[in-house]
Amino acid sequence: MAEVRLARVNKVYEGRGQQVHAVRDLDLVVENGEFVSIVGPSGCGKSTTLRMIVGLEQATSGEILFDGAMVNELDPQARNVAMAFENYALYPNFSAEENIGFPLEARGIPKQERRRRVRALAELLQIENILHQHPNTLSGGQKQRVSLARALIREPAAFILDEVLGHVDGHLRFQMLFDLKRLHQSLDSTMIFVTHDQMEAIALSDRIAVLHQGRLVQCGTRDELYDTPATRFVADFVGEPPTNFFEVRFAEEGGQGVLHADDLTLQPTPEMAALMRSRGDGRYVVGIRPQNLLCTPRAGTISFDATIDIHEYLGERSILTLRRGRHSIQALASAEGAWAPGDEITLNYRPRDIMVFDAETEALVA
Ligand SMILES: Nc1ncnc2c1ncn2[C@@H]1O[C@H](COP(=O)(O)OP(=O)(O)O)[C@@H](O)[C@H]1O
Ligand SMILES: [Mg+2]
């Protein structure tokens, strides 16, 4: 397995007089043995990035390096990167064992050695007992495992998965997340996983890279993205239910800085206020996570009132959707509460849990 590095990589698609700048100045390092997820909305350049790593697409500029060696000019075979797709594409007339061993046979690896490597992977994926079966007798989950094994049998430099769980749901999805995690741990493989689903990324990754409109916005652990999102977009993308955002105006009142969002006034920390004062800029966007809007006051919390619109049960917790003037606000509350639509309740927050973003650039200010 190898370290995968992208340095200032751009991809511009040319076609019918139109240009699409799909990936912009991308710098990304996936360390040897690391599991990195690339996340972002449809069209942000995830698949293009993967295809450039695999060699199915040429970078327009920039360098792609495996263990420090540039691979831009190498074709996909020479790069030895395994890519798993959502559909299994198994050979129907081959047994599971023959399917898994096929890439080795194609490389002239002797039968004994093939057999040994197929068995080892089959054990890891818990499919030893179905190796003699043909694909049409296998369940969806078994086929997926056979196809994972086939992709991994070559001992690739990196293993790349593009939305492989896209149309899988329920129990099977959970099982496959577990399989991938276990494979990663056992094989110590460099894995790059693409998804538009933050929960999948969080469940699997060492680090998460967030792409937005072809640019890398932030790459970090789940906690880094959650606690200090580089932009409003990251704050919105990571965390469930999504962050509440308010367009605010910074003002001085009674010797302290406050944030006005129409008739709702929010209280920043003195440090945040000092920063906003020094910037001399009045307009910001403030984010508060539903987890940080408490229904019971704690030491140092500030409160405001809001009216319950919707109460959704979520196991041990409830999601409240509330109204305050023209704002719709979500808060997490204990499920035991007797929350009823129409009730006015008090929400409490700690000023330090406020996230302040620049109104123009949407970058985190404080
Ligand atoms: N072969 C192609 N030719 C032209 N434009 C493309 C091609 N493939 C992707 N694009 C465009 O590049 C952008 C990024 O696409 P893609 O990498 O597939 O995004 P994602 O996987 O994040 O959904 C999109 O605007 C898409 O329409
Ligand atoms: Mg894609």
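Each reported figure results from applying straightforward, stated rules to the coordinates on display, with no laboratory input. All values reported here derive from a predicted model rather than from experimental measurement. All Cβ positions, glycine included, derive from the backbone under ideal geometry; neighbour counts span all protein chains shown.
Note that region 234-245 has calculated 3J(HN,Hα) couplings of 5, 4, 6, 7, 9, x, 9, x, x, 4, 7, 10 Hz, one per residue in order, obtained from phi through the Karplus relation 6.51 cos²θ - 1.76 cosθ + 1.60 (θ = phi - 60°); glycine and proline are x. Sites listed here are GluC sites (Glu not before Pro) in region 271-366 whose DSSP assignment is loop and whose Cβ has at most 15 other Cβ atoms within 10 Å: GLU316, GLU336, GLU360. Between the C-alpha center of region 1-54 and that of region 113-155 there is a gap of 30 Å. Close amide H contacts of GLY43 (hydrogens built in the peptide plane, cut-off under 5 Å, sequence separation of 5 or more or a different chain): none are found.
The slack between GLU73 and ALA7, meaning 0.36 nm per residue of separation minus the straight C-alpha distance, is 22.3 nm.
Listed peptides 146-156, 26-36 appear in the order 146-156, 26-36 once ranked by packing, highest mean of other Cβ atoms within 10 Å at the front. Report the residues of region 19-49 in range of a label on LEU65: point 7 Å along Cα→C-beta, backbone N strictly under 20 Å from it. From region 19-49, the list is 24-36, 49.
Taking the DSSP bridge list for region 4-233 and keeping only pairs wholly inside it, about 55 percent are antiparallel. The simple spin-label model puts a point 7 Å past each Cα toward its Cβ; for ASP309 and ARG279 those points are separated by 2.7 nm. The order of LYS181, LYS46, LYS111, LYS143, going from fewest to most other C-beta atoms within 10 Å of their C-beta, is LYS111, LYS181, LYS143, LYS46. Shape analysis of the chain yields a ratio of the Cα radius of gyration to the Kirkwood radius, Rg/Rh, of 1.07.
Considering only GLN330, GLY257, VAL71, and ranking their Cα positions along the charge dipole of the chain that arises from unit charges at the beta-carbon of Lys, Arg, Asp and Glu, the one farthest toward the positive end is VAL71. When each of ILE319, ILE288, ILE100 is scored by the number of other beta-carbon atoms lying within 10 Å, the sequence from fewest to most is ILE319, ILE288, ILE100. Residue separation of ARG119 and GLU253 scaled by 0.36 nm, minus their Cα-Cα distance, works out to 41.1 nm of gained length.
Inter-part distance, region 61-111 to region 299-366, computed on C-alpha centroids, equals 49 Å.
Over 22 Å, how big is the tail of the calculated P(r) for region 244-358, in percent of all Cα pairs? The share of Cα pairs beyond 22 Å in region 244-358 comes to 33 percent. When shorter helices are ignored and each DSSP H run of at least 4 residues is given -39500 (n - 2.57), the per-residue value for the chain at 222 nm works out to -8000 deg cm²/dmol.
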